[in-house]
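Undergrad: This is the structure I have questions about; it appears just below.
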Amino acid sequence: MEEVPHDCPGVDSAQAGRGASCQGCPNQRLCASGAGATPDPAIEEIKEKMKTVKHKILVLSGKGGVGKSTFSAHLAHGLAEDENTQVALLDIDICGPSIPKIMGLEGEQYVDENLGVMSVGFLLSSPDDAVIWRGPKKNGMIKQFLRDVDWGEVDYLIVDTPPGTSDEHLSVVQYLTAARIDGAVLITTPQEVSLQDVRKEINFCRKVKLPIIGVVENMSGFICPNCKKESQIFPPTTGGAAAMCQDLKLPLLGRVPLDPHIGKSCDKGQSFLVEAPDSPATVAYRSIIQRIQEFCNLHQSKEENLINS
């Protein structure tokens, strides 16, 4: 199907192809015929492919520039420190793929034996190439990543997403829901302009029935490497992520202070957790990673109990 109008009634609606918003839509005839409601066969193919992937985690935020890719990369690094844990990192930020740079993989397609990465960035002739695609082509690329990449036996699949609640997000949820997603980690910074967008992402998760593992408040303060004093570079005006989580009954997984070495590590394609093991930010990362692991293990136990009951 081609791109749909903003107020589309949906292919499953009785008004599909017949509503006022359907007039002039290129999909009108298809929806009116009922053919548009036919399930995409790729969903079952992806479900079968994902049987070898134990845990699937989406990293989301309605806001850009809050550190989703940085968090995704270091979540992958942290999990992969256990040599018995197989980790895969999928970058579905089609127009702004930064994972190859952050992981030190420009021109490569692997990190080490137990951490693999896939990104559209590997398919570009140059890191400066612009990806100018409409929704259907993005959707097709994500489908191809999930269905055609040989993921192998993986303990954690981490999906780094672009800002927003549109094409890429709908596609990955649509294709992975049947394969059971553990949940989403939402990234924000303390100021209200970021929290406002994250609230939209929370509403998105609830509408598509995507479990929320919790919220991470990134860049929550700056700790001077010399005097060790913490400064609030993004002072919250309404209590920050903690107040939002309390209001919306969501767990706050942790607060990660800003460390200048994080950016340097990303530019060099190295793990900040290894480069600065004693940093307060590293301590925060490790605590958050442990909580995510505990959530996934509990989620797995619940699913096994349901299957066996």
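The values are calculated or read from the model by the stated rules, or taken from the named source; none is laboratory data. Source: prediction; values computed, not measured. Note that we place each Cβ from the backbone using ideal geometry, even for glycine, and neighbour counts take in every protein chain shown. Each accessible area value is taken on the protein alone, full model and side chains, heavy atoms only, with ligands, DNA and RNA left out. Shrake-Rupley method; radii C 1.70, N 1.55, O 1.52, S 1.80 Å.
Undergrad: Can you work out which of the residues in region 29-51 that are farther than 23 Å from L176 by Cα and surrounded by fewer than 18 Cβ atoms within 10 Å (Cβ to Cβ) is modelled with the lowest pLDDT? Steps first, please.
TA: Start the filter on region 29-51 by keeping residues that are farther than 23 Å from L176 by Cα, which leaves 29-34.
Add one more test, that the residue is surrounded by fewer than 18 Cβ atoms within 10 Å (Cβ to Cβ), and what stays is 29, 32-34.
Details: R29: 74, A32: 75, S33: 71, G34: 65.
Step by step, filter region 29-51, then rank; the result is G34.
Undergrad: Considering only residues that are farther than 18 Å from E192 by Cα and of a type in the set (D, E), look in region 217-272 and name the one that is nearest to the chain's Cα centre (by Cα).
TA: Top of the filtered list is D267.
Undergrad: Name the single residue, out of those in region 215-250 being within 19 Å of K68 (Cβ to Cβ) and β-branched (V, I, T), that is modelled with the lowest pLDDT.
TA: My answer is I233.
Undergrad: Then there is this: State whether one or more residues within region 289-300 are in contact with a helix residue (DSSP H, G or I) (Cβ under 7 Å, 6 or more places away or on another chain), open to solvent by less than 20 Å² (accessible area, probe 1.4 Å), part of a helix (DSSP H, G or I) and free of Cβ contacts under 8 Å to residues at least 24 places away in the same chain.
TA: no
Undergrad: If you check G183, G214, G239, G152, which single one turns out to be touching a residue at least 60 places away in the same chain (Cβ under 8 Å) and surrounded by fewer than 18 Cβ atoms within 10 Å (Cβ to Cβ)? Reasoning before the result, please.
TA: Details: G183 fails: surrounded by fewer than 18 Cβ atoms within 10 Å (Cβ to Cβ); G214 fails: surrounded by fewer than 18 Cβ atoms within 10 Å (Cβ to Cβ); G239 fails: touching a residue at least 60 places away in the same chain (Cβ under 8 Å).
Exactly one residue qualifies, and that residue is G152.
Undergrad: Still on this model: Please specify each residue of region 93-148 satisfying the condition of being touching a strand residue (DSSP E or B) at 6+ places or on another chain (Cβ under 8 Å), touching a residue at least 40 places away in the same chain (Cβ under 8 Å) and open to solvent by 20 Å² or more (accessible area, probe 1.4 Å).
TA: Matches in region 93-148: D93 only.
Undergrad: Could you check I158 against (1) in contact with a Leu (Cβ under 7 Å, 6 or more places away or on another chain); (2) open to solvent by 50 Å² or more (accessible area, probe 1.4 Å) and say which number it fails?
TA: (2)
Undergrad: For region 64-90, what are the residues that are at negative phi, assigned to a loop (DSSP other than H, G, I, E, B) and touching a strand residue (DSSP E or B) at 6+ places or on another chain (Cβ under 7 Å)?
TA: Applying the first criterion (at negative phi) to region 64-90 yields 64, 66, 68-90.
Now drop any that are not assigned to a loop (DSSP other than H, G, I, E, B), which leaves 64, 66, 81-86.
Once the filter is applied, which keeps residues that are at negative phi, assigned to a loop (DSSP other than H, G, I, E, B) and touching a strand residue (DSSP E or B) at 6+ places or on another chain (Cβ under 7 Å), region 64-90 yields V66, T85, Q86.
Undergrad: Residue check: is D150 under 20 Å from G96 (Cα atoms) and part of a loop (DSSP other than H, G, I, E, B)?
TA: On the way: under 20 Å from G96 (Cα atoms): no; part of a loop (DSSP other than H, G, I, E, B): yes.
It is false that D150 is under 20 Å from G96 (Cα atoms) and part of a loop (DSSP other than H, G, I, E, B).
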